[in-house]
1. What are the ³J(HN,Hα) values, in whole Hz, obtained from phi via the Karplus relation 6.51 cos²θ - 1.76 cosθ + 1.60 with θ = phi - 60°, for each residue of region 149-163 in sequence order, with x given for Gly and Pro?
2. Could you tally the net charge around VAL306, taking each other residue with its Cβ under 11 Å from the Cβ of VAL306, Lys/Arg +1 and Asp/Glu -1?
3. So how do 384-391, 312-319, 90-97 stack up, highest first, on mean other-Cβ count within 10 Å?
4. Taking θ = phi - 60°, what integer Hz values does the Karplus form 6.51 cos²θ - 1.76 cosθ + 1.60 yield along region 380-395, in sequence order, with x for Gly and Pro?
5. For the chain, what does the helix formula give at 222 nm: sum of -39500 (n - 2.57) over DSSP H segments with n ≥ 4, over the residue count, nearest 500 deg cm²/dmol?
6. Suppose accessible area is computed on protein heavy atoms with a 1.4 Å probe; arrange PHE114, PHE332 from highest to lowest.
7. Around GLU296, which amide H atoms from residues at least 5 apart in sequence, or from another chain, sit under 5 Å from its own amide H, with H modelled in the peptide plane?
8. From the phi of every residue in region 312-329, what ³J(HN,Hα) in whole Hz does the Karplus formula 6.51 cos²θ - 1.76 cosθ + 1.60 yield, where θ is phi - 60° and glycine or proline is x?
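The values are calculated or read from the model by the stated rules, or taken from the named source; none is laboratory data. Note that the structure is predicted; figures quoted are calculated from it, not measured. When we count neighbours, we look across all protein chains shown, and the Cβ atoms used for this are built from the backbone with ideal geometry, even at glycine. Just so you know, the surface numbers come from the protein's heavy atoms only, side chains and all, with ligands and any DNA or RNA stripped out. Shrake-Rupley method; radii C 1.70, N 1.55, O 1.52, S 1.80 Å.
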Amino acid sequence: MTTAPARCPYPFHRPAALEQPVELAGIREEPVVPVTLPSGDDALLVTRYQDVRALLVDQRISRNLNRPGAARISKGNSMFQDSRMDPDPPEHTRVRRLVLRAFSPARVEKLRPFIHSTVDELLDTMEAKGGGGPVDLCETLAFPLPIRVITTLLGVPEQDMDRFRGWTDAFLSVSRFTGPEIRAAMQEMSGYIAELIAAKRERPGDDLISDMIRVSDEQDGTLTEYELHWWARLLLLVGYETTATQLAGTVAMLLSHPDQLEKVRADWSLVPQAVEEALRWKLVGSSVSMLRYATEDVELPSGAVVPAGSSVIPAVDSANQDPSVFTDPGTFDITRTDPNLTLSLGPHFCIGATLARVQLAIAVEALLRRFPDLQLAVPARDLRRQEGALLEGFLEVPVTW
């Protein structure tokens, strides 16, 4: 069985785009494993399902990394760190409640017709190319869909959608861009957000940014001007990239596992389970973005202790491969029912989880129904991912039909 070295670099390397890092096979022999991050800083990787689950809901495990000695993910990019924002309860919870209104199940249901029509339009364009491909699924479906959905939800003009790809690439850079390049991109986006908010103050619409402006202007102290700008920027930056990567990867996983694809085609009600199994596979990348800080000693269910002052990563990618929870975890099996931890738990549960799941299910089913002979245009092992980025997005997923 493969085991991790005494202090190994993290994120782990994937042998191929759809395969799990080999270190994940045996890493749970130790509940806590020391790792070194891309920044060169050290952290503790918590590896087992029950321990990770416990950490995700423990308020002694802080997301506030603006502390002396706290590890950083990247040398040149502070990413989610902002000394003017408190990412922990109760401050985080106060603002999160306001944002959650836009992602409520009721509002997501109202978006279903728009999602369906957008998917149909994108597939029409894909089909109109003719000749059975090849086309890049990332550019024809996986990215355009969630970009259109999040910009519609937030109220961003359609003609501005393409600008966010470059800003997002910079924001999520671990080593792909330099510090000055990242700062320049963020300044450009901050200027855009300021102009957008000013425009919506003049002409509010039925969208999340307009709703947040109303709260900021009408309920003094509930949402500060800085929080308004920060959340608008964050939601635009991360509101589509994860869904896009997961969608491209979900389709690629199904196409590279014909037995599972056959099950879906025989019973379309299995699509949500296929989405969940692809989520368990954590196709968006490692758990390095879960980096946190222990404010007190924390004893885990396994009996291991995370010492106060430690930088710690609840390794969801490892937890999702824990054989004590998932039978034969290295097998892609869409009939599983055990809950994965990819979208987190507790106060930092993914705010867009419901919306992401709906988009994934609608898009996967529509794509497979429209193109019954859909297949990868290259061997699965030849698919390539982004390097030097927080999210390990696919460079392209070429398909034919």
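1. Result, rounded to whole Hz: 5, 5, 5, 5, 4, 8, x, 8, x, 4, 5, 9, 4, 5, 5.
2. Its environment carries a net charge of -3.
3. 312-319, 384-391, 90-97
4. With the stated coefficients, region 380-395 comes to 4, 5, 8, 5, 10, 10, 4, 10, x, 10, 5, 9, 8, x, 7, 5 Hz.
5. -13000 deg cm²/dmol
6. Descending order: PHE114, PHE332.
7. Sorted by chain and number, the residues that satisfy this are GLY309.
8. For region 312-329, the Karplus-derived couplings read 9, 10, x, 7, 4, 4, 6, 4, 6, 10, 6, x, 6, 10, 10, 5, 6, x Hz, x marking Gly and Pro.
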